[in-house]
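Participant: Please read through the structure below; I'll follow up with questions.
Only the coordinates and a few stated rules stand behind these numbers; no lab work does. Bear in mind the structure is a predicted one, so any value in this text is a computation, not a measurement. Quick reminder, even Gly has a Cβ in these numbers, built from the backbone with ideal geometry, and neighbours come from all protein chains shown.
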Amino acid sequence: AQVPRPDDALAVDVRLTFAPEVPEYIKSDPLRLQQIVVNLVTNAIKFCRLTVLVKVYVEPPSKLCISVQDDGIGMSKDVQKVLFQAFTQAKAKIARQYGGTGLGLSITQKLVLLMGGSVEIESAQGSGSCFLVKIPFLLGDAEEAQAALLDSTAPREVPLESCDFSKLSVLFADDNGINRIIAENFLKDCGLRAYKLARDGQELVEMVTTAYDSGDVFDAIFVDLCMPMKDGWEAIKEVRTMEQRLGCLSPAYVI
């Protein structure tokens, strides 16, 4: 699949393969598993040149293995030693160029450990990186999968369908192209017709300025903290200064 990047560079070719021995149904934590895969693939897309390879296979007797390999900048052994620490990136220059807070891999490792698994990394500077996650699992079947699906879709407190979001106006700012696609699909599913997507803090400020100049106010602003051009904190600070002059306020939420 061709996946866009936040910097509008060439789209990334993400290739997914399942080994024949991977069972159709397994018992595991679907939310944690999804978050692990999303974090690893998002990280690979951020640093790769053109291609990300995702391979799923089984290590006997019962470990699900997920390998995510990119053809990007790679990293030294010293960086690998501290890579899973919170807020760690190779260099400040890389953080500015590629964006991100350095939290994704730290969260990924914690999720994998909670599931009784492990994370391995192979990398060299200039030769890309390969992350390998191994997670124990139990075999499942179609009946159990259907029951789990029905349970996960059962109403919780206030059903989303009972809420009317059609008249709300929302601004979502994130430099990660995948996050913007996910956010846009979610906003559409919620029935929102008036929403804007910003690629960085500067674009967020420009969109808010344009809205206020035309007499509109966003009902909510969702903003990523670490973005190029202008980070989330700086952007919201500018918006708040503008709002003080105009006497209005848009609730802002950090993501």
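Participant: For the stretch 192-208, what does the Karplus curve 6.51 cos²θ - 1.76 cosθ + 1.60, with θ = phi - 60°, yield as ³J(HN,Hα) per residue in whole Hz, taken in order and with x for Gly and Pro?
Facilitator: For the stretch 192-208, the Karplus-derived couplings read 6, 10, 10, 8, 10, 10, 10, 8, 6, x, 5, 5, 4, 4, 5, 5, 5 Hz, x marking Gly and Pro.
Participant: If amide hydrogens are placed 1.01 Å from N in the peptide plane, which non-local residues have theirs closer than 5 Å to the one on residue 140?
Facilitator: Excluding prolines and chain starts, which carry no amide H, the hits are 25, 26, 27.
Participant: Next question, about the same structure. Lysines near residue 188 by alpha-carbon distance under 22 Å, same-chain residues fewer than 8 away left out - which ones?
Facilitator: 167, 196
Participant: Straight distance only, please: which aspartates and glutamates reach the Cα of residue 77 with their own Cα at less than 20 Å, same-chain residues fewer than 8 apart left out?
Facilitator: Counting by Cα, and skipping residues close in sequence, residue 77 has these aspartates and glutamates nearby: 120, 122.
Participant: Could you list 82, 223 so that the one with the fewest beta carbons within 10 Å of its beta carbon is first and the one with the most is last?
Facilitator: 82, 223
Participant: Could you line up 182, 66 from fewest to most neighbouring Cβ atoms inside 10 Å?
Facilitator: 182, 66
Participant: Here is a further query. What residues qualify as long-range amide H neighbours of residue 250, i.e. H under 5 Å apart, gap of 5 or more or another chain, H built at 1.01 Å from N?
Facilitator: HN-HN under 5 Å from residue 250: empty list.
Participant: A further question follows. Quantify how much of the Cα-Cα distance distribution of the stretch 164-254 extends past 20 Å, in percent.
Facilitator: 30 percent
Participant: Please arrange 139, 132 by counting, for each residue, the other beta carbons lying within 10 Å of its beta carbon, fewest first.
Facilitator: The order, fewest Cβ neighbours first, is 139, 132.
Participant: Express the relative contact order of the stretch 164-254 as a whole percentage, based on alpha carbon pairs under 8 Å and six or more residues apart in sequence.
Facilitator: Computed over the stretch 164-254, the figure is 32 percent.
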